[in-house]
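Asks: One structure follows; several queries about it will come next.
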């Protein structure tokens, strides 16, 4: 899990003002940082991200980042109990979303 990057995205104007994002490469991370205006990405440890997912921040539930590109089977695997697998899936989902967005930009 050492190659994964963990962030809490802060954005006051969104319904979910905080989100846990996981990346396995700088290119995908930078894409998300640039694509989402007025956001702050706070880098945190894997343990802090897991804690935020389990406990929340200031009484608010903190959701996992963009999971729309995960399959139903992968979604069923998301769990705070197996954080290593969950983090890998979240990073993969972000990679898929990034690749899809890049393809759409080329069209």
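The values are calculated or read from the model by the stated rules, or taken from the named source; none is laboratory data. This one's a predicted model, so the numbers in the text were calculated from it and none came from an experiment. Cβ sites come from the backbone with ideal geometry, for glycine too, and all protein chains shown count toward neighbours.
Asks: Could you please find all residues in the stretch 19-44 being in contact with a helix residue (DSSP H, G or I) (Cβ under 8 Å, 6 or more places away or on another chain) and in a strand (DSSP E or B)?
Replies: Scanning the stretch 19-44 gives 20, 21, 22, 23, 41, 44.
Asks: Let me ask you something else. Residues 77, 92: which one is within 14 Å of residue 4 (Cβ to Cβ), touching a helix residue (DSSP H, G or I) at 6+ places or on another chain (Cβ under 9 Å) and modelled with pLDDT of 90 or more?
Replies: Sole residue among the options that is within 14 Å of residue 4 (Cβ to Cβ), touching a helix residue (DSSP H, G or I) at 6+ places or on another chain (Cβ under 9 Å) and modelled with pLDDT of 90 or more: 92.
Asks: Would you be able to say whether some residue in the stretch 56-66 is surrounded by 11 or more Cβ atoms within 10 Å (Cβ to Cβ) and modelled with pLDDT of 85 or more?
Replies: no
Asks: Can you name the residue in the stretch 1-18 that is part of a loop (DSSP other than H, G, I, E, B) and touching a strand residue (DSSP E or B) at 6+ places or on another chain (Cβ under 8 Å) and is also modelled with the lowest pLDDT among such residues?
Replies: 16
Asks: Do you know which residues across the stretch 65-100 are in a helix (DSSP H, G or I) and free of Cβ contacts under 8 Å to residues at least 12 places away in the same chain?
Replies: Once the filter is applied, which keeps residues that are in a helix (DSSP H, G or I) and free of Cβ contacts under 8 Å to residues at least 12 places away in the same chain, the stretch 65-100 yields 72, 73, 75, 76, 85, 99.
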